[in-house]
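**Student:** My questions will all concern the structure given below.
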Amino acid sequence: MALLKIARMGHPILMNPAELVSDPCDPALAQLAEDMFETMFDAPGVGLAAPQVHIPRRVVVYYVPESRSNDENEADLSGVPPTVLINPELELLGDTTEEDMIYMREGCLSLPGMSGLVRRPKRIGLKALDLKGKIIERELDGYHARVVQHECDHLEGILYPMRMDDLSSFGYDSEMQPQSEDSEE
Ligand code: NI
């Protein structure tokens with residue numbers, strides 16, 4: 001296990017699309033995922049994408065703590081255990097109309113100490129592989145959908161400030177009123 005160095009906004013590794021993983025069962029990938037979890041929990045954060053640790057591959061790790069699970073969805077009340085997504089693909093399930101979108105405050109381990117309101121779809125379809133090469137396919141909503149969308153954006157070279165439509169909510173957490181919706185991803 002090893003703590004990995006996290007790239008911060010401005011580093012070119014965060015601005016480029018990551019490459020597909022050809023062998024999800026590669027033991028080196030399992031080691032990378034383990035190190036990414038250790039780095040994520042140490043930070044602490046709820047998600048981490050491989051480009052954030054200078055590896056340009058389509059790998060994401062995340063979890064949803066019980067306290068952050070979506071209370072509108074009984075099934076998600078217990079949170080989501082630490083999960084690895086390889087070559088994830090997202091599908092929009094709703095529309096991009098107001099009722100299918102939601103604003104939530106996001107943070108990112110690549111912009112430490114900062115956060116901002118980002119508008120994203122409430123519900124998404126996720127398809128990915130796990131470390132055994134098994135297909136993960138499910139519908140996500142609430143905080144779970146939010147975390148996965150944020151992490152998958154990293155694989156496209158997108159950081160959350162690039163998704164913000166109003167930068168007036170962007171800033172240093174230490175200078176803002178305490179928020180209940182912030183998270184470090
Ligand atoms: Ni992030």
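**Student:** Within the stretch 164-181, is even one residue loosely packed, with under 14 Cβ neighbours inside 10 Å, away from the ligand (no atom under 16 Å from the Cβ), touching a residue at least 60 places away in the same chain (Cβ under 8 Å) and assigned to a helix (DSSP H, G or I)?
**Tutor:** Yes, the stretch 164-181 contains at least one residue that is loosely packed, with under 14 Cβ neighbours inside 10 Å, away from the ligand (no atom under 16 Å from the Cβ), touching a residue at least 60 places away in the same chain (Cβ under 8 Å) and assigned to a helix (DSSP H, G or I).
**Student:** Let me ask something else about it. Scan (1) within 15 Å of the ligand (Cβ to nearest atom); (2) out of contact with any Lys or Arg (no Cβ under 9 Å at 6 or more places or on another chain); (3) of a type outside the set (Gly, Ala, Ser) for the single condition ARG120 breaks and write down its number.
**Tutor:** All conditions pass for ARG120, except number (2).
**Student:** Related question: Residues of the stretch 57-67 being more than 14 Å from the chain's Cα centre (by Cα) and either more than 12 Å from LEU155 (Cα to Cα) or within 15 Å of the ligand (Cβ to nearest atom) (or both), which ones? Steps first, please.
**Tutor:** The first filter runs over the stretch 57-67 and keeps only residues more than 14 Å from the chain's Cα centre (by Cα), leaving 57, 66-67.
Residues satisfying the conditions are GLU66, SER67.
**Student:** Another one. For the stretch 53-63, which residues satisfy the criterion of being of a type in the set (A, V, I, L, M) and assigned to a loop (DSSP other than H, G, I, E, B)?
**Tutor:** ILE55
**Student:** Could you please tell me which pairs satisfy a Cβ distance under 7 Å, a separation of 6+ or placement on different chains, a first residue in the stretch 85-108 that is under 16 Å from HIS150 (Cβ atoms), and a second residue that is of a type in the set (Ser, Thr, Tyr)?
**Tutor:** Going by the 7 Å Cβ cut-off, the qualifying pairs are ARG105/SER115; GLU106/SER115; GLU106/TYR160; GLU106/SER183; GLY107/SER115; GLY107/SER183; CYS108/TYR160.
**Student:** Now for a different question. Starting from the stretch 32-49, keep only residues that are closer than 14 Å to VAL148 by Cβ and among the hydrophobic types (A, V, I, L, M, F, W, C), then list their pairs with residues that are assigned to a helix (DSSP H, G or I) and within 15 Å of the ligand (Cβ to nearest atom) whose Cβ atoms are within a distance under 6 Å, requiring at least 6 positions of separation or different chains.
**Tutor:** VAL46/VAL147; LEU48/MET36; LEU48/MET40; ALA49/GLU151; ALA49/HIS154
This table checks each residue for (1) out of contact with any strand residue (DSSP E or B) (no Cβ under 7 Å at 6 or more places or on another chain); (2) surrounded by fewer than 19 Cβ atoms within 10 Å (Cβ to Cβ).
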site: GLY107; (1), (2): no, no
site: GLY116; (1), (2): no, no
site: LYS127; (1), (2): no, yes
site: LYS132; (1), (2): yes, yes
site: ILE136; (1), (2): no, yes
site: GLU139; (1), (2): no, yes
site: ARG146; (1), (2): no, no
site: GLU151; (1), (2): no, no
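**Student:** Name the single residue, out of those in the stretch 18-52 being outside any helix (DSSP H, G or I) and more than 15 Å from the ligand (Cβ to nearest atom), that is nearest to ARG8 (Cα to Cα).
**Tutor:** Across the stretch 18-52, the extreme among qualifying residues is GLU19.
**Student:** Please enumerate the residues belonging to the stretch 89-107 that are touching a helix residue (DSSP H, G or I) at 6+ places or on another chain (Cβ under 6 Å) and among the hydrophobic types (A, V, I, L, M, F, W, C).
**Tutor:** LEU90, MET104
**Student:** Here are GLU185, GLU151, GLU106: which of them is within 16 Å of the ligand (Cβ to nearest atom), modelled with pLDDT under 95, touching an Asp or Glu at 6+ places or on another chain (Cβ under 7 Å) and closer than 21 Å to ALA50 by Cα?
**Tutor:** Residue meeting the stated conditions: GLU185.
The values are calculated or read from the model by the stated rules, or taken from the named source; none is laboratory data. For clarity, every value in this text was computed on a predicted model and none was experimentally measured. With ideal geometry, Cβ positions are generated from the backbone for all residues, glycine too; neighbour counts draw on all protein chains shown.
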